[in-house]
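Please read the structure below before turning to the comments.
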Amino acid sequence: MDLFFLKNFFSRIFERKKTLIVLSLLLLVFTILGACFVTSEAIYEYHLSVCDGFLLDICYSDTNVFLIFLERFGGCALLILLVLVGSVHPAALILPVAVLVYRAFTFGGSLYVFFDYYGLSGAMVVLILYLPIHLLTDALLVFAATVAFARAFRSCDLLSDLKDLFWDFLTLLLLAAAIYLAEMFLLLALFHPIGKIL
């Protein structure tokens with residue numbers, strides 16, 4: 001895959017500015033709703049378990065950072081695939097919407113809990129690691145959803161569509177790998193001893 005293919009990928013995304021804006025607004029609205037609806041004990045406890053999991057399994061884990069990278073990258077790859085499956089038929093577009101809504105709602109609630117429960121230490125983790133990685137991953141998922149919406153409503157050419165879908169998936173995987181490699185190096189620099197890379 002060369003840089004021309006990346007340029008082509010992004011040009012196709014930005015040709016669909018309206019879709020990109022609507023999906024980004026969807027993320028923003030449900031992130032705000034997620035932060036606003038952390039009122040019941042059950043919802044608060046759910047988001048607290050998400051935050052605890054991030055801290056214990058990623059930031060302060062005894063697991064080496066390369067395994068953390070593989071786990072996080074694999075999870076992102078699965079989400080990308082799930083979002084791209086929405087491109088097979090307009091009815092399947094419920095999948096990318098559901099993924100974005102769930103991630104945004106959980107993100108908003110988790111941000112609230114990080115600041116409310118963990119205070120200053122939670123704020124530091126959010127600003128240094130959680131927020132940038134989450135936003136970059138969400139941007140990838142919005143890009144994936146944008147191409148899924150574009151492909152779902154165009155005329156069907158099965159062979160060409162499968163080829164394009166494959167290259168879009170590889171492009172998004174490459175970008176996801178860059179994001180989670182950056183996270184791995186941040187973990188090494190700030191949270192894990194250097195010996196934990198292997």
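The values are calculated or read from the model by the stated rules, or taken from the named source; none is laboratory data. From a predicted model like this one, the values you see are computed outputs, not experimental measurements. We place every Cβ from the backbone using ideal geometry, glycine too, and count neighbours over all the protein chains shown.
Considering the stretch 125-173, the residues that are of a type in the set (S, T, N, Q) and over 11 Å from ILE13 (Cβ atoms) include one that is modelled with the lowest pLDDT, namely SER155.
Filtering the stretch 69-112 to residues that are among the small types (Gly, Ala, Ser) and over 11 Å from the mean Cα position of the chain (by Cα) leaves GLY74, GLY86, SER87, ALA91, ALA92, ALA98, GLY108, GLY109, SER110.
Checking each residue of the stretch 119-128 against the condition of being farther than 18 Å from LEU48 by Cβ, surrounded by fewer than 17 Cβ atoms within 10 Å (Cβ to Cβ) and touching a helix residue (DSSP H, G or I) at 6+ places or on another chain (Cβ under 8 Å) gives at least one match. Candidates PHE66, PHE114, PHE73, PHE105: the one that is among the hydrophobic types (A, V, I, L, M, F, W, C) and loosely packed, with under 15 Cβ neighbours inside 10 Å is PHE66. Counting residues in the stretch 45-55 that are over 23 Å from GLU183 (Cβ atoms) and either of a type in the set (S, T, N, Q) or in contact (Cβ under 8 Å) with a residue 24 or more places away in the chain (or both) gives one or more. Only residues that are closer than 19 Å to VAL101 by Cβ and among the hydrophobic types (A, V, I, L, M, F, W, C) were counted in the stretch 1-41, giving 16.
Being buried (at least 17 other Cβ atoms within 10 Å of the Cβ) and of a type outside the set (Ser, Thr, Tyr) is a property that does not hold for VAL22. Of the residues VAL38, VAL101, the single one that is hydrophobic (A, V, I, L, M, F, W, C), in contact (Cβ under 8 Å) with a residue 40 or more places away in the chain and not in a helix (DSSP H, G or I) is VAL38. Selection within the stretch 41-68: residues that are among the acidic types (Asp, Glu) and not in a loop (DSSP other than H, G, I, E, B). The member of this set that is farthest from the chain's Cα centre (by Cα) is GLU41. Pairing each residue of the stretch 147-160 that is closer than 17 Å to LYS17 by Cβ and of a type in the set (Lys, Arg) with any residue that is part of a helix (DSSP H, G or I) and modelled with pLDDT of 85 or more, provided the two are 6+ apart or on different chains, yields C-beta distances under 9 Å for ARG151/LEU84; ARG151/GLY86; ARG151/SER87; ARG151/LEU165; ARG151/ASP168.
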